[in-house]
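Structure record follows, encoded as C-alpha cells.
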Amino acid sequence: MWQHRAPKEDQLRGARLTLPILTNSRSLVSSSSQLQRSSILKLEDEIICLGEDISRIPSIVHGGMTHLSSRHMEVGRWQALISECINQVKREIRALEQEKDATEGYLQERQLYAQLINNCVVLSNSLSSADRLNPVLTELKKEQQLISEISELLQNQIVVLLNKQSSLKNIRTQLLSDFLDKSEAIKVTTRCIGHQLSSSLPAIQYKPDHASYDQWLSRCRELKQAADDLLKDSSTFRGNLRFTLANLKNTQECQRRSTGASMRKKIHKLHKTQELLIWERHQIGNEISDLTEDVWKVAGQIRNCDSRMHQVTSRLDILNQRPGNERCLDHPHISFTLEKRDLEKMSAELRSVLKNSQQDLALTQHRLKLLESKIAKNAQHLETQQRCQNLHQSFLPPRGSTVILGNRPQLHTAPGCSRPQIQ
C-alpha cells in the first residue's frame, strides 16, 4: 500500500497547490455536492501522502523562532550602540557650544582691546614727527597688527566650529531616526515572538520594498562609523582650538608686556629728561641773574665815570676862563686834561663791556625761551605717554580669561620674549 502511494507522494511534493478557478454562483451551487465529495477524497489522500512533511513542521517553526530571537538581540545591540552614539554626539555638541562661547568671548575681548590700542596709536600719532620715532609706537603697531591677525584667526575658527556643530546635529538627527526605527522594529519583533494562533493582528498593508540583510548591516555600520569619525574630528578640533587659544593668549600677553615695558621705559626717560631740563632752566635762570647784575654794575660804573668826566670837564672849563697869561697849561690844567682823557677811555671800555653783557644776557634769555618751549613740549609728550599708558592698562578682562603673570618686569628691563608666528 505504501509502495503504491510513494509515486503519488513524490508528485504531490513537486506539485504546487493552486486555487480552483472561480465560477459564477449557479455553477457553484449545482456542483457543490460533487466538489465536497471530491475534496474529501483529495484531502484524505494528501494527508496520507504528506505525513512525513507534517512531522518536520515543529523543527522548522523552532528554527524560525531561533532566528527571530537572534534578530531581536542583534537589533537590540545595535540600538544600544546607536543610543551611546547619540549620547556622545550630544555631549560633543555641548562641548563645542562651550568652546564657541569661550572663543567668541575671547574674540569680543580682543575687539574691545583693539579699540584701546587704536586709541593709543592715535595718541602717539598726535606727537611731532620726531617724537613719533620711538619704540612705544613701534610696539603699539605690532600689538595692533597681532590683534588684527588674532581676530581674523578666531573668526575663521568660529566658522569651522559652526560647520562641525552643524554636521554633528545632522548626524544626531540621523541617529535619532535610526534609533526610533530600531525601537519600532524591536516592538514588532517582540509582538511577532509573542504571537499566538488564536490572537488576531490588525490588518497591516504589506510593504514589498525589503532591504537585504547586508544592506541593513552596512547602513548601521556606515552610520555609526560616520558618527565616530565626526566625534573624533570634533574632539581633535577642540583640542587644537584650546591649544591655539592658549598660544594666542600667551602671544598677546607677551606683546602686551613688551608694549607696557616700552611705555614705562619711555616715561622714565621723559621724566629724567624733564628733570634735566628743569635743572638746566634753573641754571640759566641763575646765569641770567648774574648777567643782569653785571649789566647793572657796568651801567653804574659808566654813570660814575660819566659823572666824574662831567665834573672834570666843568673844572677845565672854569680854568680856561682865567684871564691873560694866567690861562696857561699848568699842572692843574694838565692833570684835569689827563684825567678827562682816562675817563673817556674808561667810559668807552665800560660801554663795550656793557654791550657785550647785554648781548650775552639777550642770548641767555633766548636760550631760556627755547628751553621753556622744550620743557613744555617734553611735558606734553610725557602727558601723552602717561595717558597712553593709562589707556593701555585700563582694559581688565574677566579673571581667568587671559594668562596671569606673577612677575612684573622692572622699569629698565626690556622684555625678552619673541613674537611667535600664528599657525
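The values are calculated or read from the model by the stated rules, or taken from the named source; none is laboratory data. Just so we're clear, the structure is a prediction, and the values are computed from it rather than from any experiment. Quick reminder, even Gly has a Cβ in these numbers, built from the backbone with ideal geometry, and neighbours come from all protein chains shown.
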| Going by the conditions given, is ARG110 under 27 Å from THR236 (Cα atoms) and within 13 Å of the chain's Cα centre (by Cα)? | yes
| Hey, LEU411 under 52 Å from the mean Cα position of the chain (by Cα), loosely packed, with under 12 Cβ neighbours inside 10 Å and modelled with pLDDT of 90 or more or not | no
| query | Within the stretch 348-365, can one find any residue that is without any contact (Cβ under 8 Å) to a residue 24 or more places away in the chain and surrounded by 15 or more Cβ atoms within 10 Å (Cβ to Cβ)? | reply | no
| query | Is it fair to say THR251 is touching a residue at least 60 places away in the same chain (Cβ under 8 Å) and in the same structural domain as ASN156 (by TED's automatic domain parsing)? | reply | yes
| said: For a quick check of your reading of the model, give me the residue pairs whose first member lies in the stretch 104-118 and is within 23 Å of VAL160 (Cβ to Cβ), whose second is in a helix (DSSP H, G or I) and of a type in the set (Ser, Thr, Tyr), with beta-carbon atoms closer than 8 Å and at least 6 apart or on different chains. | reply: LEU107/SER151; ARG110/SER151; GLN111/SER151; ALA114/SER148; ALA114/SER151
| said: Suppose we filter the stretch 83-92 for residues that are surrounded by fewer than 17 Cβ atoms within 10 Å (Cβ to Cβ) and either touching a residue at least 60 places away in the same chain (Cβ under 8 Å) or not assigned by TED's automatic domain parsing to the domain that holds CYS220 (or both); how many remain? | reply: 2
| field | Which listed residue is exposed (fewer than 14 other Cβ atoms within 10 Å of the Cβ) and in a helix (DSSP H, G or I), from GLU293, GLU280 | value | GLU293
| query | If you go through the stretch 134-157 one residue at a time, do you hit one that is closer than 30 Å to ALA226 by Cα and exposed (fewer than 14 other Cβ atoms within 10 Å of the Cβ)? | reply | yes
| query | Quick one: how many residues across the stretch 141-166 are in contact with a helix residue (DSSP H, G or I) (Cβ under 6 Å, 6 or more places away or on another chain), over 15 Å from GLU99 (Cβ atoms) and polar (S, T, N, Q)? | reply | 2
| note | Per the filter on the stretch 113-134, residues part of a loop (DSSP other than H, G, I, E, B) and either outside the structural domain of LEU241 (by TED's automatic domain parsing) or within 20 Å of the chain's Cα centre (by Cα) (or both) are none
| Residue in the stretch 241-254 that is more than 30 Å from GLN157 (Cα to Cα), basic (Lys, Arg) and surrounded by 12 or more Cβ atoms within 10 Å (Cβ to Cβ) present | no
| note | Output for Cβ contacts, cut-off 7 Å, separation at least six or different chains, first residue in the same structural domain as LEU354 (by TED's automatic domain parsing) in the stretch 294-319, second modelled with pLDDT of 90 or more and of a type in the set (Lys, Arg), reads ILE302/ARG351
| task | Please go through the stretch 231-248 and pick out each residue that is of a type in the set (Ser, Thr, Tyr) and either in contact with an Asp or Glu (Cβ under 8 Å, 6 or more places away or on another chain) or in contact (Cβ under 8 Å) with a residue 60 or more places away in the chain (or both). | result | SER234, SER235, THR244
| field | All positions within the stretch 158-168 that are surrounded by 13 or more Cβ atoms within 10 Å (Cβ to Cβ) and either without any contact (Cβ under 8 Å) to a residue 40 or more places away in the chain or under 11 Å from LEU230 (Cβ atoms) (or both) | value | LYS164, GLN165, SER167, LEU168
